[in-house]
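One structure is given below, encoded as structure tokens.
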Amino acid sequence: MSSDLSTARSSPFVRAARVIGDFSNPFYEEERHRDVWNEASAFGFQLFLITALLFSTVCIWLVGRPALPYVQVGVVLTGVISWVTILYAQRLGVDVLQPQRLNRARMIPIAALAVVLVVGMLRVTVDAGSSWDGATAAGAVTGAALALGLGAVAVWWARRAVRKAEQTD
């Protein structure tokens, strides 16, 4: 084990994740329990992501503007939980964002659902007679570009750390 990976495993982030995940529980000592629980957790996480996205999309289209703040909070929480999960794996040397690991065909309906959600959010904002104008649109585009750029930098940085850890092993 490299010293970088040892440092990663002892970081405050990883220690906190281990406490939250209750990884010191005797349940994890038996390998089959761990394997089954890992699969169940992966299934539950994916189900959570799809359900949260679907619920948010249906909510914004059926309820309209009153649902907007709740949908926004749900989307942010889902995004934060997803990134923390990815960062935990990457902190321990596993790059879950490798292109060969991502099932692109599976991503198409999820991306389409996300687009329908964003369109619904924009629709209720514009329909409500808000101050949605050129400056607001420019701000939204700038914010989205900044978020995507920061996300790309975070992925690049994490992949670089994984490659560095692999090279020192």
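The values are calculated or read from the model by the stated rules, or taken from the named source; none is laboratory data. In this text the structure is predicted, and so the values were computed from the model without any measurement. Because the Cβ atoms are built from the backbone with ideal geometry, glycine has one as well, and the counts that use them run over all protein chains shown.
Annotations for the structure displayed:
- Counted residues, the stretch 17-55 - those being among the polar types (S, T, N, Q), farther than 21 Å from Leu77 by Cβ and part of a helix (DSSP H, G or I): 1
- Selection status of Gly74, in contact (Cβ under 8 Å) with a residue 60 or more places away in the chain and touching a helix residue (DSSP H, G or I) at 6+ places or on another chain (Cβ under 7 Å): no
- Counting the residues of the stretch 68-90 that are modelled with pLDDT under 85 and surrounded by fewer than 12 Cβ atoms within 10 Å (Cβ to Cβ) gives 0.
- When each of Met121, Met107 is tested for being modelled with pLDDT under 90, in contact with a Leu (Cβ under 9 Å, 6 or more places away or on another chain) and assigned to a helix (DSSP H, G or I), the lone residue that passes is Met121.
- Listed by first and then second residue, the pairs linking a residue in the stretch 31-42 that is on the phi < 0 side of the Ramachandran plot and surrounded by 11 or more Cβ atoms within 10 Å (Cβ to Cβ) to a residue that is in a helix (DSSP H, G or I) and of a type in the set (A, V, I, L, M, F, W, C), with Cβ atoms under 6 Å apart and 6 or more places separating them unless they lie on different chains, are His33/Phe27.
- The residue that is farthest from Thr85 (Cα to Cα), among those in the stretch 145-169 that are surrounded by 12 or more Cβ atoms within 10 Å (Cβ to Cβ) and among the hydrophobic types (A, V, I, L, M, F, W, C), is Ala165.
- Any hit, the stretch 127-144, residues being surrounded by fewer than 12 Cβ atoms within 10 Å (Cβ to Cβ), assigned to a helix (DSSP H, G or I) and modelled with pLDDT of 80 or more: no
- Scanning the stretch 145-169 for residues that are modelled with pLDDT under 75, in a helix (DSSP H, G or I) and touching a Leu at 6+ places or on another chain (Cβ under 9 Å) yields Val155, Ala158, Arg159, Ala165.
- Long-range neighbours under 6 Å by Cβ, at least six apart or interchain, first residue among the hydrophobic types (A, V, I, L, M, F, W, C) within the stretch 142-160, second assigned to a helix (DSSP H, G or I) and surrounded by 10 or more Cβ atoms within 10 Å (Cβ to Cβ): Ala158/Gln90
- Flag for Gly93 being surrounded by 13 or more Cβ atoms within 10 Å (Cβ to Cβ), at pLDDT below 85 and either not aliphatic (A, V, I, L, M) or not in a helix (DSSP H, G or I) (or both): yes
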